[in-house]
1. Report, to the nearest 10°, how far helix 284-293 tilts away from the longest principal axis of the Cα atoms in the chain, using its own Cα long axis and a range of 0 to 90°.
2. Hey, what number do you get for the chain at 222 nm if only DSSP H runs of n ≥ 4 count, each worth -39500 (n - 2.57), divided across all residues, to the nearest 500?
3. Between beta-carbons, use under 11 Å as the cut-off and find the net charge around His108, counting Lys and Arg +1, Asp and Glu -1.
4. Working out 0.36 nm times the residue gap between Ser75 and Gln143, then minus their Cα-Cα distance, what length gain in nm do you get to one decimal?
5. Between Lys116 and Ile83, what FRET efficiency follows from the Cβ-Cβ distance if R0 is 45 Å, with the result rounded to 0.05?
6. Provide the gained length on full extension for the span Leu197 to Ser273, in nm with one decimal, where the gain is 0.36 nm per separating residue minus the Cα-Cα distance.
7. Using alpha-carbon positions, what is the distance between the centroids of segment 253-293 and segment 37-52, in Å?
8. Let me know the Kirkwood hydrodynamic radius for segment 64-212, please, with Cα pairs as the basis and the value in Å to one decimal.
Amino acid sequence: MSTNSTERLSAEEFLRASLARRVPKEPRPAEPVRQSKMGRLAVVLAIATIASTFLSGVLAWEPLTFLYSAFNFQSLLPIRQAILANWVPGLQFALALMAILTAHELGHYFLTIIYKVPSTPPLFIPFPLISPIGTMGAVIMMQSGSADRRQIFDIGLAGPLAGLVVAFPIIGYGIMNPEPVAFAAKDPMTMYFGQPLLIQWMAQILSPDNADKFVTIANTNVSPFLMAGWVGLLVTGINMMPLGQLDGGHVTFGLLGAKSYYVAVSAMIAAISFMIYTQVAMFLLMLVLVFLMGLRHPPSSDDTKSLGFSRQLIGWLSLSLPILCIPARPLMML
């Protein structure tokens, strides 16, 4: 018995060893490679966004006018003059705006790390030459279904709050130091930026004698720091709209669960009506993307997780940010 048993075990061991040689080794997980590629993409997009926002500041937030002038007169002289005259305010605008956007996205990103929710690093979106502000903001993409309802609420709200913490001192400095760009395009029509309520209120506190000048500001009179704050508030206000998977959509999902869909439908109708009223189509691409992604927020890993009183209070108050951060008439040509 013992000999047969020994022979049988030897045969099984031989068979195991033979199969082990034939079965290919499992491939190494691709996650580190994917993360490395995402990291490189994030760096490239950040550099491209710094360049595109710098160009917007250099061209006095009116790039299309400069491009039209260069094409019409077949000369790059106005653009060269703008670069030489405005490179300092252009750099100030780009770096101040990137500070706000970076704080916003890191607010999301750090919480995804704390909550162990797989996500991409912050991905900035450059928008050169066509857009007066040079960017469409930034995003991070989270793995769906990997965070519970409370975590989604926290991650969604952390970004806007972190961005505002950086935006307020930049806006304050811009109000107290209203030095505009040195060179602007010669155009019979002047571009005006309507100021949101938050900037108007800050102007009444910091510069009460000149508060009336901070209702609408021409692109030739706005300082690069105030303009960076203006864009930062605009991005915050748009992101806090209670639509789909925008930050406001995460907040309303945390507050209302699946019922947040009805809020999203109402907000989409209001946003379309706002664009028709103001005749400003700068939000159109964003609304199309939100609509294609869907107005209904995907379920979390645990939809039953409650927020508690303090989170609910902060969440409902935060939904006023679109009204406070988005001007009634963002852009006007007069």
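The numbers here are math on the coordinates, done by the rules we state, and not lab data. Being a predicted model, the structure only gives us computed values, none of them experimental. As a convention, Cβ positions derive from the backbone with ideal geometry for all residues, glycine included, and neighbour counts pool all protein chains shown.
1. 20 degrees
2. Taking each H run of at least 4 residues, the total per residue is -20500 deg cm²/dmol.
3. -3
4. Using 0.36 nm per residue and subtracting the Cα-Cα distance, I get 19.6 nm.
5. FRET efficiency, Lys116 to Ile83: 0.45.
6. 25.4 nm
7. 28 Å
8. Every distinct Cα pair counted, the radius reaches 18.2 Å.
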